[in-house]
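The values are calculated or read from the model by the stated rules, or taken from the named source; none is laboratory data. Since we're looking at a predicted model, the values are computed, not measured. Glycine gets a Cβ as well: all are built from the backbone with ideal geometry, and neighbour counts include every protein chain shown. Areas reflect the complete protein model, heavy atoms only, side chains present, ligands, DNA and RNA absent. Shrake-Rupley method; radii C 1.70, N 1.55, O 1.52, S 1.80 Å.
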Amino acid sequence: GALVLVNVAQALHRLTGETDLPLPARAVVFDSCPGDSNFSGGVKAFTGWIKNPIMRNVAGAFAVSSISLLWLYNTLAGIEDPFVTMRKRLLDPAFLPQTASRTYIYSKIDELVPAQVVEHHAQDSKTLGMDVLLEAYDTTPHVNHLKQNPDRYWASVKDAWTRSGN
(Lines give C-alpha, C1' and ligand atoms only; values in the text may rest on other atoms or scores of the structure.)
Protein backbone atom coordinates (compact mmCIF):
# COMPACT_ATOMS: atom_id res chain seq x y z
CA GLY A 1 0.00 0.00 0.00
CA ALA A 2 2.57 2.61 1.04
CA LEU A 3 4.87 1.66 -1.85
CA VAL A 4 1.97 2.20 -4.27
CA LEU A 5 1.23 5.59 -2.71
CA VAL A 6 4.84 6.67 -3.29
CA ASN A 7 4.73 5.30 -6.85
CA VAL A 8 1.58 7.33 -7.57
CA ALA A 9 3.29 10.47 -6.28
CA GLN A 10 6.35 9.74 -8.44
CA ALA A 11 4.09 9.24 -11.47
CA LEU A 12 2.46 12.61 -10.74
CA HIS A 13 5.92 14.20 -10.65
CA ARG A 14 6.87 12.62 -13.98
CA LEU A 15 3.55 13.51 -15.58
CA THR A 16 3.61 17.17 -14.53
CA GLY A 17 7.36 17.74 -14.52
CA GLU A 18 6.93 19.21 -11.03
CA THR A 19 9.21 17.47 -8.53
CA ASP A 20 7.82 19.32 -5.53
CA LEU A 21 4.11 18.75 -6.18
CA PRO A 22 2.62 16.64 -3.37
CA LEU A 23 -0.42 14.44 -3.70
CA PRO A 24 -3.55 16.47 -2.86
CA ALA A 25 -4.16 14.65 0.42
CA ARG A 26 -5.74 16.07 3.54
CA ALA A 27 -5.69 12.82 5.47
CA VAL A 28 -3.73 9.60 5.15
CA VAL A 29 -4.61 6.32 6.83
CA PHE A 30 -1.75 3.86 6.97
CA ASP A 31 -3.10 0.34 7.52
CA SER A 32 -0.35 -2.02 8.69
CA CYS A 33 2.33 0.13 7.08
CA PRO A 34 4.81 1.55 6.29
CA GLY A 35 7.02 -1.47 6.63
CA ASP A 36 10.72 -1.95 6.22
CA SER A 37 13.08 -4.52 4.74
CA ASN A 38 12.36 -7.21 7.30
CA PHE A 39 13.73 -10.40 5.70
CA SER A 40 11.53 -12.81 7.65
CA GLY A 41 8.50 -10.59 7.07
CA GLY A 42 9.22 -10.64 3.35
CA VAL A 43 9.33 -14.41 3.30
CA LYS A 44 6.10 -14.62 5.34
CA ALA A 45 4.42 -12.26 2.87
CA PHE A 46 5.03 -14.85 0.14
CA THR A 47 4.33 -17.98 2.20
CA GLY A 48 2.10 -17.17 5.17
CA TRP A 49 -1.14 -17.86 3.32
CA ILE A 50 -0.04 -21.30 1.99
CA LYS A 51 -1.61 -24.10 4.06
CA ASN A 52 0.23 -27.09 2.56
CA PRO A 53 3.58 -27.40 4.39
CA ILE A 54 5.40 -28.83 1.38
CA MET A 55 4.22 -26.05 -0.91
CA ARG A 56 4.97 -23.47 1.82
CA ASN A 57 8.57 -24.75 2.02
CA VAL A 58 8.97 -24.68 -1.76
CA ALA A 59 7.57 -21.15 -1.90
CA GLY A 60 9.78 -20.20 1.06
CA ALA A 61 12.91 -21.37 -0.75
CA PHE A 62 11.86 -19.36 -3.81
CA ALA A 63 11.13 -16.29 -1.64
CA VAL A 64 14.47 -16.51 0.17
CA SER A 65 16.30 -16.83 -3.14
CA SER A 66 14.39 -13.98 -4.76
CA ILE A 67 14.75 -11.59 -1.83
CA SER A 68 18.44 -12.41 -1.51
CA LEU A 69 19.10 -11.86 -5.22
CA LEU A 70 17.19 -8.57 -5.19
CA TRP A 71 19.15 -7.38 -2.15
CA LEU A 72 22.45 -8.41 -3.80
CA TYR A 73 21.56 -6.66 -7.07
CA ASN A 74 20.52 -3.45 -5.31
CA THR A 75 23.67 -3.48 -3.18
CA LEU A 76 26.01 -4.05 -6.13
CA ALA A 77 24.17 -1.50 -8.28
CA GLY A 78 24.19 1.10 -5.51
CA ILE A 79 20.40 1.27 -5.42
CA GLU A 80 18.86 2.39 -2.15
CA ASP A 81 16.61 -0.12 -0.45
CA PRO A 82 13.07 0.55 -1.80
CA PHE A 83 11.62 0.49 1.73
CA VAL A 84 14.13 3.07 2.95
CA THR A 85 13.22 5.27 -0.04
CA MET A 86 9.50 4.78 0.63
CA ARG A 87 9.78 5.68 4.31
CA LYS A 88 11.72 8.85 3.47
CA ARG A 89 9.28 9.92 0.77
CA LEU A 90 6.26 9.47 3.01
CA LEU A 91 7.82 12.15 5.23
CA ASP A 92 8.78 14.42 2.34
CA PRO A 93 6.44 17.38 1.73
CA ALA A 94 7.11 17.01 -2.00
CA PHE A 95 5.19 13.72 -1.85
CA LEU A 96 2.59 14.22 0.88
CA PRO A 97 1.65 17.56 2.42
CA GLN A 98 2.84 17.96 5.98
CA THR A 99 -0.61 19.37 6.78
CA ALA A 100 -2.28 16.02 6.00
CA SER A 101 -3.36 14.23 9.17
CA ARG A 102 -1.84 10.78 9.49
CA THR A 103 -3.48 7.83 11.18
CA TYR A 104 -1.45 4.68 11.69
CA ILE A 105 -3.60 1.57 12.18
CA TYR A 106 -1.46 -1.41 13.08
CA SER A 107 -1.18 -4.50 15.26
CA LYS A 108 1.14 -5.43 18.08
CA ILE A 109 1.29 -9.01 16.73
CA ASP A 110 1.77 -8.27 13.00
CA GLU A 111 4.41 -10.67 11.67
CA LEU A 112 4.93 -8.80 8.38
CA VAL A 113 5.21 -5.23 9.64
CA PRO A 114 6.28 -5.13 13.28
CA ALA A 115 4.55 -2.57 15.51
CA GLN A 116 7.82 -0.82 16.38
CA VAL A 117 8.49 -0.15 12.68
CA VAL A 118 5.12 1.60 12.30
CA GLU A 119 5.58 3.45 15.59
CA HIS A 120 9.03 4.66 14.53
CA HIS A 121 7.64 6.16 11.32
CA ALA A 122 4.78 7.78 13.26
CA GLN A 123 7.32 9.31 15.66
CA ASP A 124 9.33 10.64 12.70
CA SER A 125 6.12 12.24 11.41
CA LYS A 126 5.40 13.81 14.81
CA THR A 127 8.94 15.14 15.00
CA LEU A 128 8.32 16.94 11.71
CA GLY A 129 5.21 18.57 13.22
CA MET A 130 2.59 16.42 11.52
CA ASP A 131 -0.79 15.58 13.09
CA VAL A 132 -0.43 11.90 14.01
CA LEU A 133 -2.75 9.38 15.64
CA LEU A 134 -1.72 5.81 16.47
CA GLU A 135 -4.42 3.13 16.61
CA ALA A 136 -2.83 -0.10 17.88
CA TYR A 137 -4.72 -3.38 17.89
CA ASP A 138 -3.60 -6.13 20.24
CA THR A 139 -4.67 -9.31 18.45
CA THR A 140 -5.28 -8.70 14.75
CA PRO A 141 -2.96 -10.12 12.09
CA HIS A 142 -1.59 -8.02 9.22
CA VAL A 143 -4.32 -5.91 7.51
CA ASN A 144 -7.16 -7.69 9.35
CA HIS A 145 -8.22 -4.83 11.61
CA LEU A 146 -11.29 -3.86 9.56
CA LYS A 147 -12.43 -7.45 9.30
CA GLN A 148 -12.11 -8.15 13.02
CA ASN A 149 -13.35 -4.83 14.39
CA PRO A 150 -15.19 -2.80 11.74
CA ASP A 151 -16.72 -0.27 14.16
CA ARG A 152 -13.37 0.65 15.69
CA TYR A 153 -11.67 0.74 12.30
CA TRP A 154 -14.25 3.04 10.69
CA ALA A 155 -14.23 5.27 13.76
CA SER A 156 -10.47 5.74 13.22
CA VAL A 157 -10.98 6.55 9.55
CA LYS A 158 -13.76 9.03 10.37
CA ASP A 159 -11.55 10.62 13.01
CA ALA A 160 -8.74 11.02 10.47
CA TRP A 161 -11.15 12.72 8.10
CA THR A 162 -12.46 15.02 10.86
CA ARG A 163 -8.95 15.95 12.02
CA SER A 164 -8.11 16.94 8.44
CA GLY A 165 -10.76 19.66 8.53
CA ASN A 166 -13.23 17.92 6.22
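The residues of the chain expose on average 59 square angstrom of accessible surface per residue, using a 1.4 Å probe on protein heavy atoms. Between residue 3 and residue 56, the modelled label-to-label distance comes to 2.3 nm, taking each label 7 Å out from Cα in the direction of the beta carbon.
Taking 7 Å steps out from each Cα toward its Cβ at residue 94 and residue 147 produces label points 3.8 nm apart.
Based on the Cβ-Cβ distance of residue 14 and residue 81, what FRET efficiency does E = 1/(1 + (r/R0)^6) give at R0 = 22 Å, to the nearest 0.05? List each step's numbers first, then the result.
On the way: r = 22 Å, r/R0 = 0.98.
In this case the efficiency is close to 0.55.
First check a/c for the range 39-95, with a ≥ b ≥ c the square roots of the eigenvalues of its C-alpha gyration tensor; if it is under 1.5, answer rounded, and if not, answer prolate when a/b is larger than b/c or oblate otherwise. Kindly include the intermediate steps, with their values, before the conclusion.
Working: a/c = 5.33, a/b = 1.82, b/c = 2.92.
Note, shape of the range 39-95 comes out oblate.
State which helices in the chain qualify, where a helix is a whole DSSP H run, it must extend 20 Å or more along its own axis by its Cα atoms, and its mean Kyte-Doolittle hydropathy must be at least 1.6. Don't skip to the end; give the middle numbers.
Numbers: long enough: 2-16 (21 Å, 1.19); 53-77 (35 Å, 1.03).
The answer is none, since no helix passes both cut-offs.
Once you list every other residue whose beta carbon is under 10 Å from the beta carbon of residue 137, what net charge do they have if Lys and Arg are +1 and Asp and Glu are -1? Charge balance in the 10 Å sphere: -1.
Taking a ≥ b ≥ c as the square roots of the Cα gyration tensor eigenvalues, with a/c under 1.5 meaning rounded and otherwise prolate when a/b beats b/c, else oblate, which class fits the chain?
Details: a/c = 2.25, a/b = 1.23, b/c = 1.83.
It comes out oblate by the Cα gyration axes.
Taking every C-alpha pair closer than 8 Å and separated by at least 6 residues, the mean separation divided by the residue count of the chain gives a relative contact order of 30 percent.
Length gain on complete extension for the stretch residue 46 to residue 68, per 0.36 nm per residue less the alpha carbon to alpha carbon distance? Each step should come with its number before you reach the end.
Numbers: separation 22, 0.36 × 22 = 7.92 nm, distance 1.37 nm.
That works out to 6.5 nm of additional length.
Over the chain, dividing the summed -39,500 (n - 2.57) contributions of all DSSP H runs of at least 4 residues by the number of residues returns a 222 nm mean residue ellipticity of -16500 deg cm²/dmol.
Could you rank the peptides 148-158, 72-82, 122-132 by their average count of other C-beta atoms within 10 Å per residue, with the highest value first?
Values: 148-158: 13.5, 72-82: 10.4, 122-132: 15.1.
Per-residue Cβ counts within 10 Å, averaged per peptide and sorted highest first, yield 122-132, 148-158, 72-82.
Which of rounded, prolate or oblate describes the range 1-83 when judged by the alpha-carbon gyration tensor and an a/c cut-off of 1.5?
On the way: a/c = 3.23, a/b = 1.74, b/c = 1.85.
Verdict is oblate for the range 1-83.
Of all the accessible heavy-atom surface of the range 58-166, with the other protein chains kept in place and a 1.4 Å probe, what percent is carbon and sulfur? That fraction is 62 percent.
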